[in-house]
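Everything on this sheet refers to the single structure shown next.
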Amino acid sequence: MLRVNDVVLYTAEAYGNSETVGVVDGYTVFVPHLIVGEVARVRVNYVKKNVAYAAPIEILHPSESRISPPCPNFGKCGGCALAHLEYGEQLVFKRNKVSNNICKLAKLNADVLPCVPSPLRLGYRNKLSLPVRGRRGAVKLGLFERNSHKIVTADHCVLAGDWADTLISLFTEYCNRCGVEPYDERTFRGGVRHLVARYIDGQLLATIVSNGEFKEDLRPFARKLAEHFDRFGLFVNINTAHNNVIMGKTTRHICGIEYIEGEHLGVRYRLRPNSFFQVNDGVKNLIYGKVRDLLDLSDTEVLVDCFSGIGILTNVLASCRYDTYAIEIEPSAVTDAEETAQLNGTPRLVNICGDVTAELPKIIAANAGKRFTVVVDPPRKGLNDVICDALLDAAPDTIVYVSCDSATLARDLARLAVDYDVTYVEPYDMFPQTDQVETIARLTIRRN
Ligand SMILES: C[S@@+](CC[C@H](N)C(=O)[O-])C[C@H]1O[C@@H](n2cnc3c(N)ncnc32)[C@H](O)[C@@H]1O
């Protein structure tokens, strides 16, 4: 019988969702930071029924795929669960994860293609959300430990570029010089909760998330930013909610640029701090191009892009040959999407600010009898029953599903499988070094 603190011999037999899986004394044991085939002494830290979790103490037979993680915080910070794996093995892990969820758990008949690598393996993140903790005069910026709210102090993150190191150091120095009080999530007191930053093509948007109005003078920080960044915008976001949501609804522009401007696949876009944007530019570009290639829009009368963000993909797909609807719930992203449509003179496009659950059935009812094509790119929780029923009702020939969580993707594909075959599944490494993976799936209607 396994007990907490037992030290046992363990062989990593397969990959699970983020850890390895093996069997010890009839228990299924999950252990992080190992590689399939490795044998290790592990310490059990949790047991329930016939399942246990353990942490490695000593690796007795290291795998040839093991590398020295490129970050000193590996194992402490929750960011990089796979940084001990040689990159090719990371891709194997991710394909396996998607295949496990879709083929084994959801029991769907699908051929999962190899995971498409990221052009950059380090320094790829264009966004960081750093919790601000500690105490007045000794402020700490960092990342959370895995499954915890303890901070690992970090003045450097290998997933972002040099821009992030500079920003972390400038903001920490500013907070400590000006006596800024960090947030305490146990008492809900203190001023600054997070520093959220986005950096694309030399343009920085830095947002201080404040527990109420921000009272300190921001001019010294703005002056420092100006010394290091040619194009930056400084914002304060107000978030007094007693929960884990990072940004509140109100964002004030303090100085500098108001949005990032860019161009992709011939679409010029604008991006504000509250809007969602894929974190890895190189992989985002590959995904949008692949979605375009997977869709045959020659017969389409109505195209719907659900969960459309600032609408780059919508604009790539829109045409004067059919009506295009984009549905997005975040008002700032819809502002960006409308400006993006204007900048590009995109024809027959309607941007709707609302919930897909309410808006998709309305669009389908208003266009009854027409031929639809639908793209969905939901957050991690995936689609709900109302959305799946609306899709089955509209019966588009093709649905393309872009997912950041293969477990909810598999669940939703299984719901839609009553009328659809899964005809394409390709994982993309949007998040190298982590155990997260993006996936494109295409569903094709069964017409008999
Ligand atoms: C994974 S992002 C995809 C955005 C976009 N397709 C892209 O590639 O940048 C999901 C988007 O859905 C939006 N969203 C979340 N829940 C929503 C809902 N119920 N209805 C409409 N949009 C929603 C989020 O604000 C976010 O912009």
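Can you spot a residue in segment 114-132 that is in a strand (DSSP E or B) and among the aromatic types (Phe, Trp, Tyr)? No, segment 114-132 contains no residue that is in a strand (DSSP E or B) and among the aromatic types (Phe, Trp, Tyr). Testing residue 186 on (1) closer than 20 Å to residue 133 by Cβ; (2) buried (at least 20 other Cβ atoms within 10 Å of the Cβ), one condition comes back false. Which one is that? Tallying (1) closer than 20 Å to residue 133 by Cβ; (2) buried (at least 20 other Cβ atoms within 10 Å of the Cβ), residue 186 fails exactly one: (2). Which numbered condition trips up residue 15, out of (1) at pLDDT below 95; (2) within 20 Å of residue 74 (Cβ to Cβ); (3) surrounded by fewer than 18 Cβ atoms within 10 Å (Cβ to Cβ)? For residue 15, the failing item is (3). Whether any residue in segment 174-192 is assigned by TED's automatic domain parsing to the domain that holds residue 159, of a type in the set (Ser, Thr, Tyr), farther than 18 Å from residue 277 by Cα and part of a helix (DSSP H, G or I) is what I want to check. Checked segment 174-192: at least one residue is assigned by TED's automatic domain parsing to the domain that holds residue 159, of a type in the set (Ser, Thr, Tyr), farther than 18 Å from residue 277 by Cα and part of a helix (DSSP H, G or I).
Is there a residue being under 30 Å from residue 106 (Cα atoms) and of a type outside the set (Phe, Trp, Tyr) anywhere in segment 329-347? The answer is yes; a qualifying residue exists.
Residue 351 meets each of the listed conditions (1) touching a helix residue (DSSP H, G or I) at 6+ places or on another chain (Cβ under 6 Å); (2) more than 22 Å from residue 260 (Cα to Cα) apart from (2).
May I ask you to list the residues in segment 243-254 that are surrounded by fewer than 16 Cβ atoms within 10 Å (Cβ to Cβ) and in a strand (DSSP E or B)? Within segment 243-254, 250, 252 qualify. Looking at 72, 114, 32, just one residue is farther than 30 Å from residue 424 by Cα, surrounded by fewer than 18 Cβ atoms within 10 Å (Cβ to Cβ) and not assigned by TED's automatic domain parsing to the domain that holds residue 159, and that residue is 72. May I ask you to verify whether residue 205 is outside any helix (DSSP H, G or I) and within 14 Å of residue 129 (Cβ to Cβ)? Yes: the conditions hold for residue 205.
Every residue, every condition in (1) surrounded by fewer than 23 Cβ atoms within 10 Å (Cβ to Cβ); (2) over 27 Å from residue 283 (Cβ atoms); (3) touching a helix residue (DSSP H, G or I) at 6+ places or on another chain (Cβ under 8 Å), yes or no:
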residue	(1), (2), (3)
366	yes, yes, no
371	yes, yes, no
385	yes, yes, yes
404	yes, no, no
423	yes, no, no
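If a residue counts only when it is of a type in the set (Phe, Trp, Tyr) and in the same structural domain as residue 298 (by TED's automatic domain parsing), which strands (runs of 3 or more DSSP E) contained entirely in segment 373-448 have at least 2 such residues? By residue number, 420-428.
Counting only residues that are among the β-branched types (Val, Ile, Thr) and touching a helix residue (DSSP H, G or I) at 6+ places or on another chain (Cβ under 7 Å), segment 153-179 holds 1 of them.
The values are calculated or read from the model by the stated rules, or taken from the named source; none is laboratory data. It should be emphasised that the depicted structure is a prediction, and the values quoted were computed from it without experimental measurement. Heads up, the Cβs are rebuilt from the backbone with ideal geometry, glycines too, and the neighbour counts pull from every protein chain shown.
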